[in-house]
Each structure stands twice: as C-alpha cells, then as structure tokens.
Amino acid sequence: MDHPFDCLVIGAGMAGAICARELAERGGKKVLVLERRDHVGGNAYDCFDEAGVLIHRYGPHIFHTNDRRVFEYLSRFTAWRNYEHQVVANIPAGEGRQEMPVPFNLISMRTAFGKEKADSLAKRLIAEYGAEKKVTILELRKNADPEIAALADYVYEHVFVHYTMKQWGQRPEEIDPNTTARVPVFLSEDCRYFQDAHQGMPMEGYTPMFERMLDHPDITVALGADAGDRLTLADGTVLLDGMPFTGTVIYTGAVDELFGCRYGRLPYRTLNFRFETHPVDFWQSHGTVNYTVDQDYTRITEFKYLTGQELPGVTTIMKEYSAAYTGGEGEVPYYAIINEANNALYAQYKAEADRYPRFHLLGRLAEYKYYNMDAIAARALALCDDLLK
C-alpha cells in the first residue's frame, strides 16, 4: 500500500509551517506534518497564562525584517501591530541603579558620563566616524584619543562582558575576541533595538498566524507525534510507519537526535524561564530589560509591552536564565555553540543525512546555526522554490 502523502515535514515551527503551506498550496502536494509538542508555532508559540496575559512560552519573539518577500508572505496569515522594540540595560550606579539604551548610543552616553562629557565625546565621534553609524569596540579601542578608547572599555565592562559570561557560561578569557570586537556603539539617538524596514507583532499572536498557515485541505498536522517513533532512516531508505517513503522529507528537528546521537551530542545553551505575575499595570520600564552587570538572570521580558494587550491591574514578567544543555527531560536546545570542533561534529551528521536523496535539513536545529525568524522564513521559501521548480 502506498503512503497517502507526497511530502513529510518534521516540525511545525516557522520553517516547517511555511514549507508545508508552500508544498500544499503552490505544489499541489499532500503533506503530513509531525510535531513532537502539543502545539504548532515552534519556539514562537504564544498562549494565555492563568492571569489572562498573552505570554511567549519559549522566550520573547519580536518580528523584524528587511526582506519584503518574507514580510508580505507572513502578512497573508496575520495583520500586524506596529511595534518597535526597545531594550535597556539596568546597571548598578552608586547607591542605586540606572537604565540606558542597548545597543549603547548617544543617549546611553549621556546617562553614563553626564551631558557635558557625553556631548564632547559625541562631537568627536561623529566628526571621525559619521552620524548614525555603528562603530565597533575594536575600532574605538584603536583610536588615539584616550577618552574614546576608554568609552570602548566602559561599554565592554558595563554592557557586554558580564552579560556574555552569563549567556554562554564562559569566563572573559574564553569569550571569542572576534565577538567582543563586533560589539557596537551606535552614534545616534535612535533607541530602537532593530532598524529593519518591517517591524511588528502579529496582531492576534503568533499561534493564530501559524494555525492559519497550516489550515489547508492538503495539510495534515499530527501533534504530540515524535518523528523518532514513526521515521526510520536505514541504508539510504526512508521508512515512514515501517513502509518505504519516497517523497520529499523536510526535517527541522535536532539532527544529532535523528541519528541517535551516534557521534556524540551537539552542544547547545538552553534557557530556563521563571514567570511571575504581578498585580500592577506594568512592572518595568520597557519590554526587555537586560541585567548586564549583576543578577543571575540575563534579562526580564514584560509581554504586555510587546503584544499591546490591554489588561489593567495585572502583568506577567519572565526572568531568563542561561544554562548548559544536557538533553535532559524538558530542556530545549536554543543556541548552537559554534566553533571548529562542533562544526566538524555537525558535518558528520550532515553527511549521514546527505545519504538520503530527497531528505532536506532546514532550520536552527537541523543546520546547527543561529537564525532570526525572518531568515528561517526566507530559507524555507527558497527551499520550496527549488523543490517546486
């Protein structure tokens, strides 16, 4: 008996949902989507908590892109709430604390150094590098002006190094100097975290957007369906439910788990979230506040800023803690730890997957890379362009 499906998609996040829709709608294919979790949307999934606050269960997802095709494609499935994300760093200052915009900009400079010194520094910086430019710490440290070099050291210490140690579980000497060198100072009063042409949040949330994307007569979505239980890769042959499957397979899950971690587990950082509900309209000053110097957590997100939800007298915040990923129960691999050794390990798994002619790896976990949501959407559309030529 032949399989009733032409294509198999593993995972119902951004990559999987777009591929399923494109293959069904543009390609006229019958598509089966297997999703291990009990919901669609991947890590962008959002839902209402017990207090009625719309939260992002797997950390804040803010949509931004310069890719017109991606924006127009997603706009078929959602209207948008205009939202331009702003982030501040909350740092100790004397007896109290102060907040300054991140990335560090001209307003941050005034907060840190006072108006007179900051204005003098700004004038010299703009004369040398130009207004509205992002200049890296590395460039500033090379500057002959000792005050400009000292600014780079201030940003390194107060914005970058402690935050990065928490995020990646590293000591300062272990942090890749190339990463440090790229940390920018923005010679602007633009406090937006992103400068992309298209920015916003899905009007009703991400989950309804994904549900609409997957709502097609030729798409079947199986939730709570672990691909490991139904998919077998053996000697170049793909088996689905024990029978040979000759259609296209798009796999968006962890590639090491696909092959039973036979060469060892790919290293990741995971995140632990602590949600707190408070009986106030708003708990903090911005949607995201980074704790760049002290505290065990890296940042606090307050979702009502992001979603625009009007819900007086109650708000939910989320404290974010970074940890090493062990593959333990309930842990989610979030950030690939990119280095030469890990890339070589990934290449072994990629070579295994390449033995299967119509098998495609797509997304953060399958490709062992960090991607923003819009980049994943663009990759999914480009893969479907190729498949449907």
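The values are calculated or read from the model by the stated rules, or taken from the named source; none is laboratory data. Worth saying up front: this structure is predicted, and the values here are computed from it rather than measured. Counting neighbours? That spans all protein chains shown, and the Cβs are built from the backbone with ideal geometry, glycine included. Just so you know, the surface numbers come from the protein's heavy atoms only, side chains and all, with ligands and any DNA or RNA stripped out. Shrake-Rupley method; radii C 1.70, N 1.55, O 1.52, S 1.80 Å.
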Of the convex hull enclosing the alpha-carbon atoms of the range 1-159, the direction-averaged projected area in nm² is 15.9 nm²
Normalised per residue, the volume inside the convex hull of the alpha-carbon atoms of the range 1-61 in Å³ amounts to 102 Å³
Separation of the Met165 and Leu388 label points, Cα + 7 Å toward Cβ, nm:
5.1 nm
Where Rh is the Kirkwood radius over the Cα pairs of the range 245-389, the temperature 4 °C and the viscosity 1.567 mPa s, what D in µm²/s does Stokes-Einstein return?
72 µm²/s
Helix 115-129 against the longest principal axis of the chain: what's the angle in degrees, Cα atoms only, rounded to the nearest 10?
60 degrees
For q = 0.33 Å⁻¹, what log10 I(q)/I(0) does the range 286-329 give under the Debye formula with an equal point scatterer on each alpha carbon and no solvent?
-1.15
Enumerate the whole-percent occupancy of each 10 Å bin, from 0 to the last occupied one, for all C-alpha pair distances of the range 25-105.
12, 27, 33, 19, 7, 2, 1
With all protein chains present and a 1.4 Å probe, how do Met373, Met109 order by accessible area, largest first?
Met373, Met109
The range 137-227 - Debye-derived log10 I(q)/I(0), Cα point model, q = 0.11 Å⁻¹
-0.61
Rounded if a/c is under 1.5, else prolate if a/b is larger than b/c, else oblate: which is the range 71-213, with a ≥ b ≥ c the root eigenvalues of its Cα gyration tensor?
prolate
I need to check one value: relative contact order of the range 139-291, counting alpha carbon pairs closer than 8 Å and at least 6 residues apart, in percent.
10 percent
Using 0.36 nm per residue of separation minus the Cα-Cα distance, give me the extension gain between Glu116 and Glu204 in nm, one decimal.
27.1 nm
If I fit a long axis through the Cα atoms of helix 146-155 and take the longest principal axis of the Cα atoms of the chain, what angle between them do I get, 0 to 90°, rounded to 10?
40 degrees
Out of the total accessible area of the range 182-231 (probe 1.4 Å, heavy atoms of protein only), what percent is carbon and sulfur?
46 percent
Please tell me the relative contact order of the chain in percent, rounded to the nearest whole number, where contacts are Cα pairs under 8 Å and at least six residues apart.
26 percent
So, relative contact order of the range 27-115 in percent, Cα under 8 Å, 6 or more apart, is 12 percent
Size-normalised alpha-carbon gyration radius of the range 251-322, reference 2.2 N^0.38 Å
1.56
State the number of lysine pairs found in the chain whose Cα atoms come within less than 21 Å, restricting to pairs 8 or more positions apart or on distinct chains.
17
The range 265-303 residues near the modelled Ala324 label - backbone nitrogen below 17 Å, point 7 Å along Cα→Cβ:
265-272
Which FRET efficiency value, to the nearest 0.05, do you get for Asp196 and Ala79 by plugging their Cβ-Cβ distance into 1/(1 + (r/R0)^6) with R0 = 22 Å?
0.75
Where both residues lie in the chain, what percent of DSSP beta bridges are antiparallel, nearest 5?
70 percent
Rounded, prolate or oblate, given the Cα gyration tensor of the range 160-275, with a/c below 1.5 counting as rounded?
oblate
With Gly42 itself left out, Lys, Arg at +1 and Asp, Glu at -1 over residues whose Cβ is under 12 Å from its Cβ give +2
Per 0.36 nm of contour for each residue apart, how much would the distance between Leu311 and Cys47 grow if the chain were fully extended, relative to their Cα-Cα spacing?
93.6 nm
Surface accessible to a 1.4 Å probe, per residue, for the residues of the range 242-318, Å²
40 Å²
dims of the chain, Cα set, principal axes, largest to smallest, nearest Å -> 79, 49, 39
